[in-house]
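S.K.: There's a structure below that I have some questions on.
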Amino acid sequence: MADRARELLEAYDVDPELIEALLWRYGADLDVPDPEALDNVHEQVYEFLADDGSVRSAPDHYYRFENHPKYGIHSDALATEPDFEIVLDDLVAEGLIARTADELPRYSASFHDLLQEVGPRFTAAAVDRLCAESGTNKRAVYYHILDSPDLDLDLGRDADADVRFD
């Protein structure tokens, strides 16, 4: 390991998920969330959220899904709101959709939209908090912060530090 790499590891608390996000961003051989690998219902919900593009509560997304001409009419469309929420939980765990840590969580297939709304500036501690409270995939959060010119990540340990990924 290079001396500079050792210095950075000693100076900052670097999460493995941040390293994975960097590897994911720069094309390393790393498993990434794949919407194509989802079962049919999960794929429909993911596509619906991606098409909708907004940050909404689970019940709001659900009722829009049920009444949508493309997604709500299929024979395998979800029958109940709790089933829909279970699918959302699975997609959040996979890192395909994002969830806020609000008392009434809101969901979006656009990590950028959600992170812009709850950010746009983040520290490692803020990412830890968001992911712990919402269950959102930390690697996906780091990946989308690093991939956006509108979001800012400060890894400094104190207010005087000026190390940013943006």
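S.K.: On the given criteria, is residue 28 in contact with a helix residue (DSSP H, G or I) (Cβ under 9 Å, 6 or more places away or on another chain), among the small types (Gly, Ala, Ser) and at pLDDT below 80?
M.R.: Judged against the criteria, residue 28 is a match.
S.K.: Of (1) surrounded by 15 or more Cβ atoms within 10 Å (Cβ to Cβ); (2) within 23 Å of residue 152 (Cβ to Cβ); (3) within 13 Å of the chain's Cα centre (by Cα); (4) of a type outside the set (Ser, Thr, Tyr), residue 90 satisfies all except one. Which?
M.R.: So residue 90 meets the others, but not (2).
S.K.: Residue by residue through region 135-150, note down the ones that are assigned to a helix (DSSP H, G or I) and among the charged types (D, E, K, R).
M.R.: Listed by number, the residues that qualify are 138, 139.
S.K.: What pairs come up if the first residue lies in region 82-96 and is in contact (Cβ under 8 Å) with a residue 60 or more places away in the chain, the second is crowded, with 17+ Cβ neighbours inside 10 Å and of a type in the set (Gly, Ala, Ser), and their beta carbons are under 8 Å apart, counting only those six or more places apart or on different chains?
M.R.: Here the result reads 95/140; 96/109; 96/140, each pair linking region 82-96 to a residue that is crowded, with 17+ Cβ neighbours inside 10 Å and of a type in the set (Gly, Ala, Ser).
S.K.: For region 96-113, give me each residue that is crowded, with 20+ Cβ neighbours inside 10 Å and farther than 18 Å from residue 62 by Cα.
M.R.: 111
S.K.: Check off (1) without any contact (Cβ under 8 Å) to a residue 12 or more places away in the chain; (2) surrounded by fewer than 15 Cβ atoms within 10 Å (Cβ to Cβ) for residue 53 and give me the number that stays unchecked.
M.R.: (1)
S.K.: Residue 75 - would you say it is modelled with pLDDT of 85 or more and not in a helix (DSSP H, G or I)? I'd like the intermediate steps shown before the answer.
M.R.: Numbers: modelled with pLDDT of 85 or more: no; not in a helix (DSSP H, G or I): yes.
In short, no.
S.K.: Is one or more of the residues making up region 41-63 farther than 26 Å from residue 102 by Cβ and either at pLDDT 80 or above or assigned to a loop (DSSP other than H, G, I, E, B) (or both)? Lay out the reasoning, then the answer.
M.R.: So in region 41-63, the residues farther than 26 Å from residue 102 by Cβ come out as 43.
After this cut, where a residue has to be either at pLDDT 80 or above or assigned to a loop (DSSP other than H, G, I, E, B) (or both) as well, the list is 43.
There is at least one residue in region 41-63 that is farther than 26 Å from residue 102 by Cβ and either at pLDDT 80 or above or assigned to a loop (DSSP other than H, G, I, E, B) (or both).
S.K.: Here's something else I'd like to know. Does region 117-134 contain any residue that is in a helix (DSSP H, G or I), modelled with pLDDT under 90 and under 20 Å from residue 37 (Cα atoms)?
M.R.: no
S.K.: If you check every pair at least six apart or on different chains, which have Cβ atoms under 8 Å apart with a residue in region 59-72 that is of a type in the set (Ser, Thr, Tyr) first and a residue that is outside any loop (DSSP other than H, G, I, E, B) and at pLDDT 85 or above second?
M.R.: Taking only residues 6 or more apart or on different chains, the pairs are 62/81; 62/84; 62/85; 71/44; 71/45; 71/47; 71/48; 71/65.
S.K.: Within region 42-86, which residues are out of contact with any Ser or Thr (no Cβ under 8 Å at 6 or more places or on another chain) and among the polar types (S, T, N, Q)?
M.R.: Listed by number, the residues that qualify are 44, 57, 67, 75, 80.
S.K.: I'm checking my understanding of the structure. Among residues of region 151-165 that are surrounded by 17 or more Cβ atoms within 10 Å (Cβ to Cβ) and assigned to a loop (DSSP other than H, G, I, E, B), which one is modelled with the lowest pLDDT?
M.R.: Here the residue is 155.
S.K.: A further question on this structure: Please verify whether region 19-39 includes one or more residues that are in a loop (DSSP other than H, G, I, E, B), buried (at least 16 other Cβ atoms within 10 Å of the Cβ) and touching a Gly at 6+ places or on another chain (Cβ under 7 Å).
M.R.: Looking for residues that are in a loop (DSSP other than H, G, I, E, B), buried (at least 16 other Cβ atoms within 10 Å of the Cβ) and touching a Gly at 6+ places or on another chain (Cβ under 7 Å), one finds at least one in region 19-39, hence yes.
The values are calculated or read from the model by the stated rules, or taken from the named source; none is laboratory data. Everything numeric in this text was worked out from a predicted model, so none of it was measured. Heads up, the Cβs are rebuilt from the backbone with ideal geometry, glycines too, and the neighbour counts pull from every protein chain shown.
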